[in-house]
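Here is the structure we will look at.
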Amino acid sequence: IDEVHMLSKSAFNAMLKTLEEPPSHVQFILATTDPQKLPITVLSRCLQFNLKNLPPPLLAGHLTKVLTAEGVAFEAPALDLIGRAAEGSARDSLSLLDQAIAYGAGSVKTADVATMLGALDQGYLVSLLNFVAQRNAKALVAEVESLATRSISFDSMLKELASLLTQVALAQQVGADNANAHPHQSEINAFATRFSVDDVQLLYQIAVLGRRDLALAPDEQSGATMTLLRMLAFVKARDGGGASSG
């Protein structure tokens, strides 16, 4: 029974006896996104399993097994894109994979998947962060204008930028050798020394809040531009040295 919390009180009372003594050939599965709304009399008669979103690397690994078993050619970075786009859902990742195979005429290529998803090439994210590190406002604004001509979602851009900054923070505080593998790991390691620990935390917060405020901006491009310029205003990047928080 999907979204079981939407049943009325009388409906719960009516099914309670059946839950207590179900037929031997029946198993009830009650699915809900709001378990607090279920009566305690129902909860006490159920085993509870809390499901969570699957991480992108796990989804990409699952897709790798599927494609290998099916004999479909693929590029690993393309599966990473699909894993992130699925946002934790194995079902959605498989649906996107079907679309990618059709889009790529029988194979799954990174460029095709990026185009299909409207995804932002991580290389452009590296460029944006480089301009922040260089405090180059003119180049930063020009890059945003370039992204606008490609119809890139600025919401996705800020989301992916926050993800990249997470990798930088991991490289700083966990260590480059222990940080999660990433296509631009060498650039991430460089950013870990160019920015202080405090600055990376601030950059991440600005990206997250900027994404939240996009709906309040005159338009998405203006909101994204102001978010990146805010990074320039508050962050003092360094050209080298350790990743201290001084």
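Hey, with R₀ at 25 Å, roughly what FRET efficiency would Ala233 and Ser156 work out to, going by the Cβ-Cβ distance, to 0.05? Given R0 = 25 Å and the Cβ-Cβ separation, E is 0.60. Between the amide H of Phe74 and those of Val108, distances stay under 5 Å, these residues lying 5 or more places away or on another chain, with hydrogens modeled in the peptide plane. Averaging the sequence gap over all C-alpha pairs within less than 8 Å and six or more residues apart, then dividing by the number of residues, gives the chain a relative contact order of 14 percent. In angstrom, the C-alpha Rg and Dmax of the range 30-85 are 17.9, 52. A Cα-only calculation for the range 100-172 places Rg and Dmax at 14.2, 44 Å. Put a plus charge on the Cβ of each Lys and Arg, a minus charge on the Cβ of each Asp and Glu, and nothing anywhere else: the dipole of the chain about its Cα centre is then about 480 debye.
Membrane-span-like helices in the chain: DSSP H runs reaching 20 Å or more (Cα, own axis), mean Kyte hydropathy at least -1.0? Span-like helices in the chain: 56-70, 154-173, 197-212, 220-234. Of the residues Ala85, Ser44, Thr110, the one whose Cα sits farthest toward the positive end of the charge dipole of the range 24-122, with +1 on the Cβ of Lys and Arg and -1 on the Cβ of Asp and Glu, is Ser44. Size estimate for the range 77-216 follows the Kirkwood approach: the inverse of mean 1/r over distinct Cα pairs works out to 16.1 Å.
In the context of the full protein assembly, Ile101 retains an accessible surface of approximately 40 Å², using a probe radius of 1.4 Å and ignoring ligands and nucleic acids.
Of interest is the spacing of the C-alpha centroids, which for the range 69-95 and the range 203-229 amounts to 29 Å. Only helices enter the 222 nm calculation for the chain: every DSSP H run of n ≥ 4 contributes -39,500 (n - 2.57), and dividing by all residues gives -19000 deg cm²/dmol, rounded to 500. Surface analysis of the chain yields an accessible area of 57 Å² per residue, using protein heavy atoms and a 1.4 Å probe.
Solvent-accessible surface (1.4 Å probe) assigned to Thr68 amounts to roughly 90 Å².
Can you tell me how the range 130-171 classifies by the Cα gyration tensor, rounded, prolate or oblate, using a/c under 1.5 as the rounded cut?
It comes out oblate by the Cα gyration axes.
Kirkwood's formula applied to the C-alpha pairs of the chain gives a hydrodynamic radius of 21.1 angstrom. The Rg/Rh ratio of the range 1-135, with Rg taken over Cα atoms and Rh as the Kirkwood radius over Cα pairs, comes to 1.20.
The values are calculated or read from the model by the stated rules, or taken from the named source; none is laboratory data. Bear in mind that the values here come from a model prediction, so they are computed numbers and not experimental data. Virtual Cβ from ideal backbone geometry, glycine too; neighbours counted across all protein chains shown. Side chains included, ligands, DNA and RNA excluded: accessible areas come from the protein's heavy atoms. Shrake-Rupley method; radii C 1.70, N 1.55, O 1.52, S 1.80 Å.
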